[in-house]
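The values are calculated or read from the model by the stated rules, or taken from the named source; none is laboratory data. From a predicted model like this one, the values you see are computed outputs, not experimental measurements. Glycine gets a Cβ as well: all are built from the backbone with ideal geometry, and neighbour counts include every protein chain shown.
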Amino acid sequence: MAKKTTQPMIVTLSGKRAVHEVARDLKAAGLKVEQVLEATGIVTGSADPKSADKLRKVRGVADVSADHPVDIGPPDADVQ
Amino acid sequence: MAKRRTSPARARGAAAAAGVSATTDELLLAALEAGDPAKTGRMLVTFKEGAGAAAAKSLKTKSGMRMASAADFEDHKVDFSAMGDADGVVFPEIGVALVSGGAAAARGMTAAVAADDADSPIHSVDPEYFMFAADVDPSDYLKGFLAAARTISSDLHGAGAIAEAIGDVGAQVAGVTWGLAACRVPPSTRDGNGIKVAVLDTGFDLGHPEFVGRSFTTNTFVGQPVQDLHGHGTHTAGTATGPKAPAGPIERYGIAFRSKIFIGKVLTNSGSGTQAQILAGMNWAIANRCQVISMSLGAPVAVQPSYTAAGSAALASGCLIIAAAGNASNRPGFIAPALAPANSPTIVSVGALDSALRVANFSCGGKVDIAGPGVNIFSSWPRPTLHNTISGTSMATPHVAGCAALWAQTSAALRGAALRAKLIATARHLPLPPTDVGAGLVQAP
């Protein structure tokens, strides 16, 4: 099976266009859209890292960043 | 910065010109002299998209400036010290030019967005700001001066002054945790009634006997049931929203005991999640008009535009996001910078204190807005244990969130930025660096 390199992405919108319109254009630009977060103006999904610049050029996009993991540690850690 | 080659005379020259070849030290000295230490005195000209060549030409011919270009340097490795007396330098790849303070002033160039001139190839002219390492807000630069002044002052008055100033928390209030007593929660007449408090964490033990009859709205963003099999979420939500009088000999550990509880499970039962899941939880809490969102989580990454945008959206919706500064320090030797999302300017960053009101040795520094109790904190834990005593900025955060809910109840005007301002204004001042504790220890109304 050919391995396709996609990476989870967080797209922050500028607020100057309707969220769903931008999400549609992001999809056309290669983002596999997972969440459209209207209250915060953020679209999450995954895409080939090479297409990040293409996503940045979509009208209404303020930022495209790679997702990152968050970990608070196990329940028995000394400090949480 | 023990060595400084700049002579005072040269610094005064830089103040007048803020030239493109000036060193950062020269610019900082000049900016301090000019009374505006955040700005370098130079201007950044942003070109309209695709108009870079026309804009660069316009600066040269119309404005008559001697402009260098980054393209003149091998691999665009610009050497500012080699600019000599150029009026500015163009960065063609990003469509921006840096113009010296002298050249900008001589041509009456001021900060503006040139939207009204459709023919102009220039989008905007903005002042250049100093940038500081690793998420430190420029105002921290000034906080450093204040902290130094305070240290000198306390040295003059002897170490006894500090001990005297912070000694009175030792007077324990019977039947409540030290944290609630320190935040002056017991004397408060507020209970959080009518206020929605969202806790984005590992979920909650929805069958905990001390929360029977409470209003819960829940959602999971991690594909696991909301039921908390970790413990962290049950502990943090317990501090922010737990009962006024737990049965038996259990001391009071909860603050906003009549608030509506929103539990967003954004971390799995092993305590992990992704930024996308956390953003989904923030979006949910804001859409549900929660006045307070408590986030005892973070990652050691730079300021994230998405978190900053979510924080702005929250403030615009009358909601305040409160997040843990992080536990990555090892004081006194090492102070780690605040985590994301706490490092975003639109989100309140919380540092941790111990019961003697000293900074917890693990508490992150830099962008810290306020502090809360975070060492040996007693709160709820999933059955069958029911309670646990743990430490972290994760524990300090819900103390601030709970007090925020009480303040929000006092006035419908205290929402978003106004609520943040109230928390900051009413915090108990501590003789500690603002980069460690912000405005001080959070206080209930």
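Step by step: first the residues of the stretch B:287-296, then only those that are outside any helix (DSSP H, G or I) and not charged (D, E, K, R), then the one that is nearest to the other protein chains (Cβ to nearest Cβ). Which residue is that?
Residues of the stretch B:287-296 that are outside any helix (DSSP H, G or I), as a first pass: B:288-296.
Applying the additional criterion that residues be not charged (D, E, K, R) yields B:288, B:290-296.
Details: B:Asn288: 9, B:Cys290: 11, B:Gln291: 14, B:Val292: 16, B:Ile293: 11, B:Ser294: 13, B:Met295: 10, B:Ser296: 7 Å.
Among residues in the stretch B:287-296 that are outside any helix (DSSP H, G or I) and not charged (D, E, K, R), the one nearest to the other protein chains (Cβ to nearest Cβ) is B:Ser296.
Checking B:Trp284 against (1) at pLDDT 95 or above; (2) within 13 Å of chain A (Cβ to nearest Cβ); (3) under 25 Å from B:Gly179 (Cβ atoms), only one condition comes out false. Which one?
(3)
Assuming A:Ala47 fulfils every condition listed in (1) facing chain B (nearest Cβ under 9 Å); (2) at pLDDT 95 or above apart from one, which condition is it?
With (1) facing chain B (nearest Cβ under 9 Å); (2) at pLDDT 95 or above applied to A:Ala47, the lone miss is (1).
Looking at the stretch A:65-76, is at least one residue touching a residue at least 24 places away in the same chain (Cβ under 8 Å), touching a helix residue (DSSP H, G or I) at 6+ places or on another chain (Cβ under 6 Å) and among the aliphatic types (A, V, I, L, M)?
no
Any chance the stretch B:223-237 includes a residue that's in contact with a strand residue (DSSP E or B) (Cβ under 6 Å, 6 or more places away or on another chain) and either modelled with pLDDT under 95 or surrounded by fewer than 23 Cβ atoms within 10 Å (Cβ to Cβ) (or both)?
Yes, the conditions are met somewhere in the stretch B:223-237.
Just wondering, is there one or more residues in the stretch B:239-257 that are farther than 30 Å from A:Glu38 by Cα, more than 14 Å from every other protein chain (Cβ to nearest Cβ), basic (Lys, Arg) and in contact with a Lys or Arg (Cβ under 7 Å, 6 or more places away or on another chain)?
yes
Which residues, counting only those in the stretch A:1-52, are out of contact with any Gly (no Cβ under 6 Å at 6 or more places or on another chain), more than 18 Å from B:Gln304 (Cβ to Cβ) and either of a type in the set (Ser, Thr, Tyr) or assigned to a loop (DSSP other than H, G, I, E, B) (or both)?
Hits for the stretch A:1-52 are A:Met1, A:Ala2, A:Lys3, A:Lys4, A:Thr5, A:Thr6, A:Ala18, A:Ala29, A:Gly30, A:Glu38, A:Asp48.
Just a yes or no: is a residue in the stretch A:13-23 polar (S, T, N, Q) and closer than 22 Å to B:Ile286 by Cα?
Yes, the stretch A:13-23 contains a residue that is polar (S, T, N, Q) and closer than 22 Å to B:Ile286 by Cα.
Consider B:Val368 carefully, then state whether it is assigned to a loop (DSSP other than H, G, I, E, B) and assigned by TED's automatic domain parsing to the domain that holds B:Ala302.
Working: assigned to a loop (DSSP other than H, G, I, E, B): yes; assigned by TED's automatic domain parsing to the domain that holds B:Ala302: yes.
When the stated conditions are applied, B:Val368 passes them.
Touching a strand residue (DSSP E or B) at 6+ places or on another chain (Cβ under 7 Å) and closer than 23 Å to B:Ile278 by Cβ, is that true of A:Ala39?
Details: touching a strand residue (DSSP E or B) at 6+ places or on another chain (Cβ under 7 Å): no; closer than 23 Å to B:Ile278 by Cβ: yes.
No.
If I filter the stretch B:380-431 down to residues being crowded, with 21+ Cβ neighbours inside 10 Å, more than 23 Å from the chain's Cα centre (by Cα) and part of a strand (DSSP E or B), which single residue comes out as farthest from the other protein chains (Cβ to nearest Cβ)?
Taking the candidates together, the pick is B:Ser380.
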